[in-house]
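Take a look at the structure set out below.
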Amino acid sequence: MSDTTYIGEIIENTDSDFIAMAKDYHQLPSVGSFLKITLGLTNIYAVTTSLAAGGDDNRMMMAMGMPLDELVTKQPQIADVLTFQFTGVLIGFSETGVYKGYLTNQPILHSFVKRCNEAEILLIAQDMNFLNTLVHAKDINNIEILAAVLRTLYCLKGEGPVGYDYLVCAGKKILSLSGYDRGLINSVFAKVDSQRR
Amino acid sequence: MRGKVIKGSLSGGFEVKLNDGEYIEDVNVGNFVIAEGQKHKFFSLVVDAKIDSADSQALLDTDKENDSLIRDIINGSAVFEILSIAPMLMIAKEEEAKPGEKRIKQVKTIAPHCSEVRFAEEGDIFDVFGMPSDINFEIGTPIDMDIPICLNLNKFVERSNGIFGKSGTGKSFSTRVILAGIIKSRLATNLIFDMHNEYGWEGTDEGQDRSCKGLKQLFNADVEIFTLDGASARERKVARFTEVEIPYSQIAASDILMLGKELNLTPTAEEVMIALEKKYKERWLHEILNMDPLEMEDIAQEIGVNSKSLNALYSRLQKIERLPFVKEDGRVDRDAVDEIMKHLQESKNVVVEFGTNQNLLSYILVANILTRRIHARYTKLTEKALAQKNFKVKPLIITVEEAHRFLDPSIARNTIFGTIAREMRKNKVTLLVVDQRPSKIDDEIISQLGTRLTLKLNDDADISSVLTGVSKAKTLRNILDNLEEKQQALCLGYAAPMPFVFTPRLYNEAFYRDIGYQDFTVAPDHAGFAALISDLMPEDDE
């Protein structure tokens, strides 16, 4: 019996990232959310880096004057034409509950992608090495993704002194990883800060 | 405090970056810290602190100063605090110590990059300064620590030493503490010229305006008080004292020359006095003070000096004649030097109080006359000791306040105090120089002082002077500049394994008890009384 809790399926991948097609546009992950791909006893973890949607390559998309849900209800064939994709950058893996901030193998095509639960996110967050990947990954919006990840972690750690201290540690780590790029710190935490207040 | 060595050199010391979560304000200049090398602990002194950054622009970016999150992120990472520490000694770690080799050595190498740095702990302090004992005398506590720090009195009494500090910094209290330590240790005898009657019978606590015990009250039979003013001593209820009277014949021309400023002597005075001394020998002062003014011209001609100069000297010397303790030879009952020497040879300590004669004229005159003659006696004694192997001379320490008046560069070479300071311990006589203007003391003499204990000084010249002939003077200067106004001192020199800043020990009831004082005017409690009886009449063991 196939697993129905997945939100996407990998349709393209490299050593460090992948593209997945969303199972349902209602369940698209947000940028900066934590993902996992399970291969046997191993969970490979990733962070969502972008979202994209497209239609029939032979026909130009056009405005229909109604929300997507209403459009799909009135014209069900539209759902078959529209595709929703998301990309993820790989950050680490776990085996038997122990998280490692590096990769030993990559997900394979057609692997299912799921959301991480809170416990898994906190497990990943114990080790700040995932920030290294997010700071240095090419062709992604590093600022938005880092800010989104930190907002999530701040909420999970608790919006008090524990969460605040975590943000300070993460900020110091990002500063060090970025060669003391204060511009990056200011931009990222301006977006975390607005949420925090 | 925790940090890591990030930079350093043998000559310039180490730079230490504080670990995350550590506060620079918890560290003070003068704190002891340990840099943990692989094989040695580097016992160091915090000498400076500064703000630095990985990116100089970060220092100028203060726009985010109101955002506590950004500030907390930047602090300690992009912008951080650096401590400059001066390694003073290196201690071989126990597992690395080689048999037969000293564990504590002078610093000859540096701690590796990223060596952990922490505050020194009790064990580290005792490793370096030793545990308190009679010889290893507790003089206070390291700053921000509550453990004793000690001075090696064995070494302290070997050389001349200095206690410096501007007025009101606790100089007299520190001097009293050290003198009490030396008396208790019995390593040397003391001759103390007590200008303000602070050391002998009873002193006053400047800050709290109450009396404190003098050395006589603390050590009773081990201390003898001599005074130039019996009436004052009686009024102050000094238990037992001997009056000092100086006969004219004991005052040499060289003694008067030291009083140039006080007597306003003319430049020709020296020439006239030498001529008088040549003719009349030790009666020269008697002769001039009793000279008939009508005969003055003839006498001047006879001894080959200008009569006006002789007349001027005669007028100036009237001040000496008016001193109540200076008397014609026939009116002096006993020789004070004989009496003082008798006590010193019995290993007693002598305090010379000045009573109401608290003027520099009296002080310089008496200190010089007594010291000159006592030094001569000690010179003979040490010669005797050299000849007779079984004869030993106990070192004598002469404590002198307002020392710059005796050791001024213009006169230091000719005075007995200059001689004592320069000859070190050759004749078993050393000085304990107490002064507030060390810059006015001859540099050569300052550099001969074995141990210097310095309280707050404001004048740049005084600070430079105290550091004359000291290695790492530049780093220590910063410490001296930042001493507290009161109750903080820097000790450096021969009796200390390394320079250290400390809070001097309080001279109070607890101190009296620690050095063995018992107040017999207070009735003991029952338990104390029973213990006393038990000590006096032990029961037979059956």
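The values are calculated or read from the model by the stated rules, or taken from the named source; none is laboratory data. The model shown is predicted, which means the values in this text are computed figures rather than measured ones. Here Cβ is always computed from backbone atoms with ideal geometry, including for glycine, and neighbour counts include all displayed protein chains. All accessible areas refer to the heavy atoms of the entire protein, side chains included, with ligands and DNA or RNA removed. Shrake-Rupley method; radii C 1.70, N 1.55, O 1.52, S 1.80 Å.
Quick check on the stretch A:1-117: what are the equivalent-ellipsoid semi-axes from the Cα gyration tensor, as sqrt(5λ), descending, whole Å? Each step should come with its number before you reach the end.
On the way: eigenvalues 189, 38, 29 Å².
Here the semi-axes work out to 31, 14, 12 Å.
Scoring B:350-361, B:265-276 by mean Cβ neighbours within 10 Å over their residues and listing the highest first yields B:350-361, B:265-276.
Set the Förster radius R0 to 60 Å, insert the Cβ-Cβ distance between B:Ser464 and B:Asp329 as r into 1/(1 + (r/R0)^6), and round the FRET efficiency to 0.05. That gives a FRET efficiency of 0.80. Averaged over residues, the count of other Cβ atoms within 10 Å places the peptides A:8-17, B:224-233, B:455-464, A:87-96 in the sequence B:224-233, A:87-96, B:455-464, A:8-17, highest first. Across the stretch B:380-478, C-alpha contacts under 8 Å between residues 6 or more apart give a mean separation that, scaled by the residue count, equals a relative contact order of 25 percent.
Quantify, in whole percent, the carbon and sulfur part of the accessible surface of the stretch B:178-267 (1.4 Å probe; protein heavy atoms only). List each step's numbers first, then the result.
On the way: 1500 of 3400 Å².
Summing carbon and sulfur atoms, their accessible area is 44 percent of the total for the stretch B:178-267.
Helical content alone sets the calculated 222 nm signal of chain A at -11500 deg cm²/dmol, taking -39,500 (n - 2.57) per DSSP H segment of four or more residues and averaging over every residue.
Put simply, when B:246-254, B:30-38, A:132-140 are sorted by average Cβ atoms within 10 angstrom per residue, most first, you get B:30-38, B:246-254, A:132-140. Taking 17 Å as the straight-line reach from the Cα of B:Lys105, the lysines in range (excluding those fewer than 8 positions away in the same chain) are B:Lys39, B:Lys41, B:Lys93, B:Lys472.
Note that chain B presents 47 Å² accessible area per residue, ligands and nucleic acids not counted, probe 1.4 Å.
How high is the relative contact order of chain B, given as a whole-number percent (alpha carbon pairs under 8 Å, six or more residues apart)? Display every interim value, and only then the final one.
Working: 972 pairs, mean separation 95.8, N = 542.
It comes to 18 percent, rounded to a whole number.
Report, as an integer, the average count of C-beta atoms from other chains found within 10 Å of each Cβ along B:492-504.
Values: counts 0, 0, 0, 0, 0, 0, 0, 0, 0, 0, 0, 0, 0.
Per residue, the number of nearby Cβ atoms from other chains is 0 on average.
Counting Cβ atoms of other protein chains within 10 Å of each Cβ in B:75-87 and taking the mean gives 2. In a Debye calculation with equal point scatterers on the alpha-carbon sites of chain B and no solvent, what is log10 I(q)/I(0) at q = 0.06, 0.09, 0.12, 0.13 Å⁻¹? With no solvent term, the Cα-only Debye profile gives -0.39, -0.77, -1.15, -1.27.
Note: relative contact order over the stretch A:37-138, using C-alpha pairs below 8 Å and six or more positions apart, is 35 percent.
Calculated FRET efficiency, B:Ala376 and B:Asn482, Cβ-Cβ r, R0 45 Å, to nearest 0.05? It comes to 0.50. Normalising the Debye intensity of the stretch B:215-364 to I(0), with uniform scatterers on Cα atoms only, and taking log10 at q = 0.21 Å⁻¹ returns -1.28.
Rolling a 1.4 Å probe across the protein heavy atoms gives the stretch A:1-117 an accessible surface of 58 Å² per residue. Could you tell me which of the pairs B:Lys348/B:Lys456; B:Lys108/B:Lys426; B:Lys155/B:Lys389; B:Lys348/B:Lys474 are separated by over 30 angstrom between their Cα atoms in the structure shown? Violating the 30 Å Cα-Cα cut-off are B:Lys348/B:Lys456; B:Lys108/B:Lys426; B:Lys348/B:Lys474. For the stretch B:164-238 versus the stretch A:145-163, the inter-centroid distance based on Cα atoms is 68 Å. Within the assembled protein chains, the solvent-accessible surface assigned to B:Phe129 is about 10 Å², based on a 1.4 Å probe. Between the alpha-carbon centres of the stretch B:428-496 and the stretch B:88-156 there is a gap of 22 Å.
Once A binds B, the 1.4 Å probe can no longer reach about 1400 Å² of accessible area, counting both sides.
Hey, which lysines would be in cross-link range of A:Lys23, C-alpha to C-alpha under 27 Å, not counting anything within fewer than 8 residues on its own chain? Result set, ordered by chain and number: A:Lys36, A:Lys74, A:Lys114, A:Lys138. Rolling a 1.4 Å probe over the heavy atoms of the protein chains gives the stretch A:128-197 an accessible area of 44 Å² per residue. Please compare each pair in B:Lys4/B:Lys166; B:Lys281/B:Lys319; B:Lys216/B:Lys392; B:Lys7/B:Lys166; B:Lys342/B:Lys384 to a cut-off of 28 Å on the Cα-Cα distance and tell me which ones are over it. In this structure, B:Lys4/B:Lys166; B:Lys7/B:Lys166 exceed 28 Å between Cα atoms.
Electrostatic bookkeeping for B:His286 treats Lys and Arg as +1 and Asp and Glu as -1; over the other residues with beta carbon under 11 Å from its beta carbon, the sum is -2.
Over all directions, how big on average is the projection of the convex hull of the alpha-carbon atoms in the protein assembly as shown, in square nanometres?
On the way: hull surface 223.1 nm².
If I average the Cα hull's projected area over directions, I get 55.8 nm².
For the pair the stretch A:31-58 / the stretch B:255-333, the C-alpha centres are spaced 110 Å from each other.
Considering only protein heavy atoms and a 1.4 Å probe, what is the carbon-and-sulfur percentage of the accessible area of the stretch B:1-125? It would help to have the intermediate numbers written out before the result.
Numbers: 2920 of 6410 Å².
Heavy-atom surface of the stretch B:1-125 belonging to carbon and sulfur, 1.4 Å probe: 46 percent.
In terms of overall dimensions, the C-alpha atoms belonging to the stretch A:128-197 reach 32, 19, 18 Å along their principal axes, ordered largest to smallest. Calculated FRET efficiency, B:Tyr517 to B:Lys93, Cβ-Cβ distance, R0 = 51 Å: about 0.75 to the nearest 0.05.
Please report, as a whole percent, how much of the solvent-accessible surface of the stretch A:1-117 comes from carbon and sulfur atoms (probe radius 1.4 Å).
55
In summary, the convex hull built on the alpha carbon positions of the stretch B:120-173 has an orientation-averaged projected area of 4.7 nm². Could you work out the pair-distance distribution P(r) of the stretch B:217-281 from its alpha-carbon pairs, with 5 angstrom bin width and percents rounded to whole numbers? Whole-percent P(r) values from 0 Å outward: 4, 13, 17, 14, 12, 10, 12, 9, 7, 2.
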